[in-house]
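Notes for the one structure printed next.
The values are calculated or read from the model by the stated rules, or taken from the named source; none is laboratory data. Quantities reported herein were computed from a predicted structural model and do not represent experimental measurements. Cβ placement follows ideal geometry from the backbone for every residue including glycine, while neighbour counts extend to all protein chains displayed.
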Amino acid sequence: MGVKNIAIFGGTFDPVHKGHFYAAEVAIKKLLLDKLLFVVAKDQWRRKNIIQATPIQRLDMVKLAINEEKTSIKTKLLNHKKQFVIEASNIDLKREGKTYTIDTINQVKSMYGNNHCYFLLIGIDVAEDIHNWKNYNTINKLVDIVVVNRKMRKNILPNIKNKYNVLSEDLLDGISEETSTNQRLGWSNNAPIKNQNGNLQELSNYNSVIQYISKNKLYGYDKNG
């Protein structure tokens, strides 16, 4: 089968949005990925914000977004072999107890084997805290930690630049700077949100995810409001 490049992209995805897939696109191209796993976290107990959608709802939305990209002739999420490599994973949801990245990594490696190159995709904010994670030193040995600078922050701390592989890409207006927090605020207000420049912008998400949020009335959204 040969050595493959496999990336783990974990998160609550509450909700998933196009900004996540923009980060995935950057990673696929620059890391020459053969597989990218969107691993939906059950709890992320270190997270400050309360998770609003259930684990199953969040997994459903990730699957919907992936399917919409996979079936689109305009998708940019193809690797160097012109293959669609993104999959949704529920391994964290099925595991008992708290969600620890070290357990996720070990399980993924047990599934695909140890003779591959593994990457852990994280954001800048996570990079500033990951050294406090359980078994951080082991994580750093098992995978190549890759920081996707999706918001194009210029003031990246030197210790992050020196420790990790930092991927940056040109900003896509309204997409690369999108966050799940902004998505929740937008849905709850039934209105556009303000971007980093203070300008109003429409929420950017997949049609199937928008329909799912509306149907299940997630994040306080009321289409009649």
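Only one entry of LYS134, LYS161, LYS215, LYS194 meets the criterion of being more than 23 Å from ILE8 (Cβ to Cβ), at pLDDT 75 or above and surrounded by fewer than 15 Cβ atoms within 10 Å (Cβ to Cβ), and that entry is LYS215. VAL62 fulfils the conditions (1) buried (at least 16 other Cβ atoms within 10 Å of the Cβ); (2) under 21 Å from THR12 (Cα atoms); (3) modelled with pLDDT under 95 except for a single criterion, (3). Considering ALA23, ALA41, the condition of being modelled with pLDDT under 90, under 14 Å from the mean Cα position of the chain (by Cα), crowded, with 17+ Cβ neighbours inside 10 Å and within 20 Å of VAL147 (Cα to Cα) is satisfied by ALA23 alone. The set of residues from the range 66-80 being surrounded by 18 or more Cβ atoms within 10 Å (Cβ to Cβ), aliphatic (A, V, I, L, M) and either over 16 Å from the mean Cα position of the chain (by Cα) or modelled with pLDDT of 95 or more (or both) comprises just one member, ILE66. The condition of being assigned to a loop (DSSP other than H, G, I, E, B), within 20 Å of ILE210 (Cβ to Cβ) and among the β-branched types (Val, Ile, Thr) holds for ILE51.
Those helices (runs of 4 or more DSSP H) of the range 54-167 in which at least 3 residues are touching a residue at least 40 places away in the same chain (Cβ under 8 Å), considering only elements entirely within it, cover 55-70, 91-94, 101-112.
Hey, any hits in the range 6-13 for a residue that's within 24 Å of VAL85 (Cβ to Cβ), in a helix (DSSP H, G or I) and at pLDDT 90 or above? No - not one qualifying residue is present in the range 6-13.
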